[in-house]
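Okay, structure first, notes after.
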């Protein structure tokens, strides 16, 4: 999937956003301009080679490195290096967060919201593109790294629980479908002899209504 091309109206709206951020959050505005340039370079070149070099340069120049990593990861997932490269970038992003003194208070060990946002983003990535084992590992690391962040712990536990429930429901429905197909096959084979027609499997009506 290629990168979207902005029309003139979209460019003007984006420029207005940048001007607003310049006045309110200059660090974020600077990071977003680097990211916009990288996306444009990716669109022109058709690959990530030059864009990745530009984003690497941005990380050494901007304070809002989180925006750069988010953009870079999204670009790698959109026809770039894929899950493997994106996961590597998440790990690098986490290392930068761990070294950022502004995200952790040495006196009580509390962490800033940006660190929690990183762990939530990483967990969401693994829940979407990884597997349960990887997601649990990221969740455990998040809680261990930010032990005083009750909000992060609750968010991580909730997202994991919801993901597990959804996966269990998917597997249960998949099992019902396999059983229903087998039952329908038996019905076809027993057609014409009502005494041999098997009973529908448990949950079959619920499957039809769901």
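All of the numbers you see were taken from the coordinates with simple rules; none came from a lab. A quick note: this is a predicted structure, and the numbers were derived from the prediction, not measured. Note that each Cβ is placed from the backbone with ideal geometry, even for glycine, and that neighbours are counted across all protein chains shown.
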>> Residues to consider are 121, 135, 140, 112; find the one that is more than 22 Å from residue 32 (Cβ to Cβ) and surrounded by 14 or more Cβ atoms within 10 Å (Cβ to Cβ).
In response: 135
> Looking at (1) under 27 Å from residue 135 (Cα atoms); (2) assigned to a helix (DSSP H, G or I); (3) free of Cβ contacts under 8 Å to residues at least 40 places away in the same chain, which is the only condition residue 80 fails?
Replying inline: (2)
> Does residue 95 fit the bill of being touching a strand residue (DSSP E or B) at 6+ places or on another chain (Cβ under 6 Å) and either surrounded by fewer than 20 Cβ atoms within 10 Å (Cβ to Cβ) or closer than 30 Å to residue 148 by Cα (or both)?
Replying inline: no
